[in-house]
Amino acid sequence: NRPAAAPLPSSPGDKLRHKYRSRKFLFPLLDQGPNNQYLQFRVALALAKALNRTLVLPLWLPHNPKFRHLHPGAPPEPSRDRETDALAFPFASTFDAALLSRFVRTVNLPTFRNLTEGRLDLCLCPGGTHPDASGFEPYLRHSGLSCANFSSTSDERRERALTSSARFLGYHLFDHEAGMRDKIFSHLRPSPRVLALADEVTAELFNRTQYVGAHIRVADAHWEHSDCHHSINGLPVPSISCGDGVNAINYSSIAQEIWYVLRQSELKILLVATNMNCSDWRLFRIGLMLARRSVHLVCARDTLRGRVAREFAIDEASPAADVQINYYVSLVEQELCLRAHSFIGSKYSTWTDTVRGERQAAAIAAKAGAEQWLFEELWALGVR
């Protein structure tokens with residue numbers, strides 16, 4: 001006699017567990033600002049592919065002073081902004097989930113939460129940058145997950161053993177080299193809504209005319225009062241995004257470096273993506289200096305604000321509206337910088353890293369040059 005067949009799962013929970021019964025999962029543990037999160041996610045994406053794990057599509061958190069920054073001069077216990085702390089952005093509002101799923105198996109966060117009943121087997125943070133899970137508290141809370149078992153081992157053999165044993169694995173690693181590989185970028189594209197906004201603004205502002213993109217992230221918060229001790233080939237170098245008036249590249253040098261890129265590109269239209277307001281006096285001075293050379297400076301932030309608010313149904317009267325709008329404006333600006341003929345950004349900005357990685361992947365696919373520069377490297381070469 002044949003043995004009786006096992007009864008088929010009947011409840012939704014049982015059906016879900018049956019469907020994924022042979023899978024192991026990797027949940028990206030993310031922290032700091034959005035582009036730091038994107039880099040950490042790319043590292044997790046590469047690991048999930050290498051280990052044949054199903055990648056959990058995470059949510060994204062906006063910049064929040066609560067995050068523990070590792071730069072010199074950062075407050076050890078920054079204050080938390082309550083309105084910002086309540087915000088999170090769905091994966092699919094930022095990236096194209098369908099495209100990514102062609103490269104690696106994925107599962108959405110609500111499904112994963114049901115599978116795990118809200119509990120990760122292990123949170124692994126190799127290298128010891130986080131001694132416990134407290135640094136991920138806002139992220140785990142928004143994700144509806146908990147992590148009682150945490151390891152920050154630096155032992156590679158133990159790391160491999162822990163990675164192999166845990167089915168529901170949370171993973172965090174800030175590995176700049178791994179997170180900037182071309183192959184990873186080729187499978188990550190902005191969401192269709194972000195691309196549609198970029199199409200609309202490109203047609204209005206540039207009318208199919210080529211332009212140069214620049215990311216100018218000036219020093220703010222604690223970075224404005226710190227020397228981050230940046231260097232190139234062991235030699236100290238100023239940065240546009242960190243340092244006081246002595247240690248930061250000033251607006252006149254920024255204008256000179258942008259003019260250098262414009263001359264190399266033989267173009268006279270400049271798109272500026274920046275953490276400054278479009279009316280900031282420093283941006284105004286840069287625009288005046290470039291206007292003497294017949295350069296037209298475009299700051300798209302103000303043009304984008306209302307369109308972003310409508311597209312993503314953001315109440316502009318709400319206390320957290322600026323944070324929400326700025327998040328999506330930044331994504332559209334990155335896409336505009338990707339589409340630029342040439343690009344210049346900051347060597348020490350993960351915002352710039354995102355654009356440079358996208359441009360490099362696109363250039364390889366098109367068998368062309370990426371045409372991109374860095375302010376700090378041009379400064380070190382004497383362009384000031």
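The values are calculated or read from the model by the stated rules, or taken from the named source; none is laboratory data. Model, not experiment: these values are computed from the prediction. A quick note on method: Cβ atoms are made from the backbone with ideal geometry, for glycine too, and the neighbour counts reach across all protein chains shown. Side chains included, ligands, DNA and RNA excluded: accessible areas come from the protein's heavy atoms. Shrake-Rupley method; radii C 1.70, N 1.55, O 1.52, S 1.80 Å.
Brief remarks follow.
- Each residue in segment 335-384 was checked for being assigned to a helix (DSSP H, G or I) and of a type in the set (A, V, I, L, M, F, W, C), and 15 of them qualify.
- Any hit, segment 133-150, residues being in contact with a helix residue (DSSP H, G or I) (Cβ under 7 Å, 6 or more places away or on another chain), within 26 Å of G33 (Cβ to Cβ) and either loosely packed, with under 14 Cβ neighbours inside 10 Å or among the polar types (S, T, N, Q) (or both): yes
- Residue that is modelled with the highest pLDDT [pool: residues in segment 207-238 that are part of a loop (DSSP other than H, G, I, E, B), surrounded by 15 or more Cβ atoms within 10 Å (Cβ to Cβ) and not hydroxyl-bearing (S, T, Y)]: R217
- None of V194, V201 is among the hydrophobic types (A, V, I, L, M, F, W, C) and out of contact with any Phe, Trp or Tyr (no Cβ under 9 Å at 6 or more places or on another chain) except V201.
- Of the residues making up segment 316-325, at least one is assigned to a helix (DSSP H, G or I), open to solvent by 10 Å² or more (accessible area, probe 1.4 Å) and touching a Leu at 6+ places or on another chain (Cβ under 9 Å).
- Scan of segment 361-382 for residues that are out of contact with any strand residue (DSSP E or B) (no Cβ under 8 Å at 6 or more places or on another chain) and open to solvent by 30 Å² or more (accessible area, probe 1.4 Å), ordered by number: A362, I364, A365, A366, K367, A368, G369, W379, L381, G382
- Filter result (under 21 Å from L288 (Cα atoms), touching a strand residue (DSSP E or B) at 6+ places or on another chain (Cβ under 7 Å) and either at pLDDT 70 or above or open to solvent by less than 10 Å² (accessible area, probe 1.4 Å) (or both)) within segment 239-259: I240, I249, I254, E257, I258
- Any hit, segment 66-76, residues being at pLDDT 85 or above, crowded, with 17+ Cβ neighbours inside 10 Å and of a type in the set (F, W, Y): no
- Qualifying position, being crowded, with 21+ Cβ neighbours inside 10 Å and free of Cβ contacts under 8 Å to residues at least 40 places away in the same chain, among V329, V355, V295, V308: V329
- When V104, V56 are checked against the criterion of being at negative phi, modelled with pLDDT of 95 or more, assigned to a loop (DSSP other than H, G, I, E, B) and not aromatic (F, W, Y), a single residue qualifies: V104.
- Segment 263-292, residues that are under 30 Å from R193 (Cα atoms) and open to solvent by 60 Å² or more (accessible area, probe 1.4 Å): K268, N275, N277, S279
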